[in-house]
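Data block below; observations after.
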Amino acid sequence: MTVREKLGQLLMFGFPGTQLGQEALRLIEEYKAGNVVLFAHNLTDAAQMRSLCEDVRRRIEAACGAAPIISIDQEGGVVARLPQDAVSFPSAMAVAATGDVHNAYEAAFDTARELAALGVNCNLAPVVDVNTNAANPVIGVRAYGSRPQRVSDFAREVIRGHVQAGVMPVAKHFPGHGDTDVDSHLGLPLVKKSMEELKACELVPYRDAIAQDVPAIMAAHILFPALEKENLPASMSRAILQGLLRGEMGFAGLVVSDCLEMGAIQDHYGTPEGFVAALKAGVDLACISHTPSLALRALDLAYEAVQDGSLPMERVDEAVERVMRAKRRFVCAQAPWQEVGSAAHRDAARRMMAAAITRMDENGPLPAVDERAFFTGCPAYRATFASSAPDDGNTFAQVMAERFHAPFCVTPVQPGPQDIAAVLAATKEGQTVVAGTYNAHLNTGQLALVNALCEGGRRVIAVALRNPYDLPQLSPRAWKLAAFEYTPLSFDAVEQVLRGAPAPGRLQLT
C-alpha cells in the first residue's frame, strides 16, 4: 500500500444523507478511506439500508482493494439506529434486569444476524461501563449495572453472541465512562479515581473481555489524571492505550476511537488534530462520524505527520495490520435476509422487555387502571447525542390514555408550577394517575409533579421511561415501575403490567 492507502484504512467516517455524497466519494476514491459508520439519519428502511451497505462496500473495495468495516451503534433501547422494519432489543440495563445472562447472548446474536443480513459487519457494542454515578448524563440504562462483575457477566455473553454470528463487537468506553457527570459529546469529562479504584471497578469488565479475546475496544474521550499526567483524554494517551491497555492488560486486538467530532475533542484539541494524536497514541481505527470535510483534513494532517516523521511509519503499519486482521475475520459476515425483522426476533424482544419491567416499591398490588384513570408525563427528548432521536408522535401519556380510553395531559420535560397546577386541577383525590418520567433525577420538575400528586391524595403509578434513578427520589406513597426506555416496546410491556401482568424484573441500583 501507499502511505495514502494505509492512512485510509485507519479512518472510519460517517456522512450526511441516505447515500454517499460528493465529499464522501472523494474520501473513498481519492483518499482511499476504507471504513464507514452508519447512523439513523442514513437509513430509511431495511431494503434501503442493505442497498446503501452494498454500494459502500462495492465502492470502497474497488478504490482500496479491501472490503470495508461497516459499523453502527446498535446497543438496543435508547441507542438503536436500525430502521423500524428491523428489530431493536431492550437496553443493557433492561436485559440485566431480567436476571438471565442468556438473554444478553440471544439479543446480541439475533441483533448481529440482522446486521449481517443488512450489510453491517461491526457493532459498536457492548457498553461495558460500570454506571456508578446516578447523575451520569450519557450512560445510565446503556450500562448493565453498577457492579463490575454483573457488567462483566452480561457483557461476556454479548461479545460471545456477536462473534458467533460473525459480526465484530467493540467493548466501550475504555477505561470507563460510568463515573462521569459530563457527556463527552458535549464536554471533556474528568474521572479522579486512583489506579487502585479503577482496577477494582472500571477495569474489571475490560480485563474479563480481554481474557475472552474481545476483538476490539473503543477508547473514551475522558481525562484520567491517575493514568495520564498530561491534559490528554484516554483516546489520545499513549500511557493509557500502550502502557495500560496493551502493556499491563495484554490487549492485542483493534483499538477504536470514539467519534473525534464529539465536543470533548473538537472543542479542546480539534478533530483533524485529534485524529493524528489518536493514531500516535495507539488508536488503530479512528472515527470521524459526521463531516467528510473534517475527515479529508484529518487525512491530510496525518499524511504530513508521516512525511515529517512525527507519526512514525512503524505505528501506521502496526495499526494497518490490526485493521486488516479484523477485516479478514469479520468483513464477510452474512445472514439470510429473512432474519431481518423476523417474528422470532420480535417475539424475543417482547419477551425480554416483559421480563425486565421492575417494581421498585413495597406498596402491594397496583391500583386498578381503566378509563377512570389519568395519564401524564413529558415527551421523550434527546438526552444525549448518543441517544437515537425520539419519535415526536410517540408520547407515553397520549398512547397509554388511548389504549385505556382515559384522559391525559402531556407536560414539558421540566414542568413548572403552572404545569403541576394544571395536572392537579385535571385530577381528583383518590384517582389513579399513571405518570411517566424521563430522567426526572436530572429534570426535577418531574419529581415535583409526581410528589405533588401523591401529597394531594392521588394514587400514583410512576413509570421511569429511561433511567430508574428517578424512582428512589419519589414519594414512598407512589407505586413505582422501571421500564428503562421510551419506546413502543416498553409501552407494550408497561400496558400489560397495568392490566395485571407481573413485573418480574430485578434491579440493583447500587
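The values are calculated or read from the model by the stated rules, or taken from the named source; none is laboratory data. Everything numeric here is computed off the predicted structure, so don't read it as measured data. Quick reminder, even Gly has a Cβ in these numbers, built from the backbone with ideal geometry, and neighbours come from all protein chains shown. For the accessible areas, the whole protein counts, side chains as well, though only heavy atoms, and no ligand, DNA or RNA atoms are used. Shrake-Rupley method; radii C 1.70, N 1.55, O 1.52, S 1.80 Å.
Things worth noting here:
- Selection within the range 187-246 - under 28 Å from residue 272 (Cα atoms), polar (S, T, N, Q) and either open to solvent by less than 30 Å² (accessible area, probe 1.4 Å) or touching a residue at least 24 places away in the same chain (Cβ under 8 Å) (or both): 235, 237, 242
- Screening 350, 329 for residues that are open to solvent by 70 Å² or more (accessible area, probe 1.4 Å), under 27 Å from residue 437 (Cβ atoms) and not hydroxyl-bearing (Ser, Thr, Tyr) leaves exactly one candidate, 350.
- Any chance residue 97 is under 22 Å from residue 471 (Cα atoms) and touching a residue at least 12 places away in the same chain (Cβ under 8 Å): yes
- Residue among 21, 65, 17 that is in contact with a Phe, Trp or Tyr (Cβ under 8 Å, 6 or more places away or on another chain) and either under 23 Å from residue 326 (Cα atoms) or not acidic (Asp, Glu) (or both): 21
- If the condition is being surrounded by 17 or more Cβ atoms within 10 Å (Cβ to Cβ) and within 18 Å of residue 340 (Cβ to Cβ), then the range 51-64 contributes 52, 53, 56, 57.
- Qualifying residue in the range 8-23 (condition: at pLDDT 95 or above and in contact with a Lys or Arg (Cβ under 6 Å, 6 or more places away or on another chain)): yes
- One residue stands out among those in the range 137-148 that are of a type outside the set (Gly, Ala, Ser) and touching a Phe, Trp or Tyr at 6+ places or on another chain (Cβ under 9 Å): the one that is farthest from residue 466 (Cα to Cα), which is 144.
- Candidates 213, 181, filtered to the one that is over 17 Å from the mean Cα position of the chain (by Cα) and more than 15 Å from residue 75 (Cα to Cα): 213
- Of all residues in the range 5-22, those that are surrounded by 16 or more Cβ atoms within 10 Å (Cβ to Cβ) and outside any strand (DSSP E or B) total 9.
- Test: residue in the range 359-382 that is under 28 Å from residue 70 (Cβ atoms) and either among the acidic types (Asp, Glu) or surrounded by fewer than 22 Cβ atoms within 10 Å (Cβ to Cβ) (or both): yes
- Residue among 100, 73, 85 that is charged (D, E, K, R) and open to solvent by less than 30 Å² (accessible area, probe 1.4 Å): 73
- Total residues in the range 25-65 satisfying the condition of being of a type outside the set (S, T, N, Q) and in a helix (DSSP H, G or I): the figure is 24.
- Screening the candidates 510, 487 for the property of being open to solvent by 10 Å² or more (accessible area, probe 1.4 Å), farther than 30 Å from residue 346 by Cα and either out of contact with any helix residue (DSSP H, G or I) (no Cβ under 6 Å at 6 or more places or on another chain) or without any contact (Cβ under 8 Å) to a residue 60 or more places away in the chain (or both) yields one hit, 510.
- Selection count, the range 474-484, where residues are buried (at least 19 other Cβ atoms within 10 Å of the Cβ) and over 30 Å from residue 81 (Cβ atoms): 4
- Residue match in the range 247-254 (condition: touching a residue at least 40 places away in the same chain (Cβ under 8 Å), surrounded by fewer than 23 Cβ atoms within 10 Å (Cβ to Cβ) and within 22 Å of residue 28 (Cα to Cα)): no
- Applying the criterion of being at pLDDT 95 or above and of a type in the set (Val, Ile, Thr) to the residues of the range 165-182, the residue that is surrounded by the most Cβ atoms within 10 Å (Cβ to Cβ) is 167.
- Hey, residue 386 modelled with pLDDT under 95 and either farther than 29 Å from residue 139 by Cα or open to solvent by less than 50 Å² (accessible area, probe 1.4 Å) (or both) or not: yes
- Restricting attention to the range 71-93 and to residues that are of a type in the set (A, V, I, L, M) and assigned to a loop (DSSP other than H, G, I, E, B), the residue that is farthest from the chain's Cα centre (by Cα) turns out to be 86.
- Failed criterion for residue 266 (all others in (1) open to solvent by 10 Å² or more (accessible area, probe 1.4 Å); (2) under 24 Å from the mean Cα position of the chain (by Cα); (3) farther than 28 Å from residue 107 by Cα; (4) touching a residue at least 24 places away in the same chain (Cβ under 8 Å) hold): (4)
- Count of the range 130-167 residues which are more than 17 Å from residue 97 (Cβ to Cβ) and either among the charged types (D, E, K, R) or in a helix (DSSP H, G or I) (or both): 9
- Filter result for the condition that a residue is closer than 21 Å to residue 133 by Cβ and in contact with a helix residue (DSSP H, G or I) (Cβ under 7 Å, 6 or more places away or on another chain), over 226, 200, 286: 226
- Residue 151 passes every criterion in (1) surrounded by fewer than 24 Cβ atoms within 10 Å (Cβ to Cβ); (2) over 30 Å from residue 42 (Cα atoms) apart from (1).
- Any chance residue 427 is hydroxyl-bearing (Ser, Thr, Tyr), out of contact with any Lys or Arg (no Cβ under 6 Å at 6 or more places or on another chain) and at pLDDT 95 or above: no
- If the condition is being open to solvent by 10 Å² or more (accessible area, probe 1.4 Å) and under 15 Å from residue 134 (Cα atoms), then the range 449-473 contributes 469, 472, 473.
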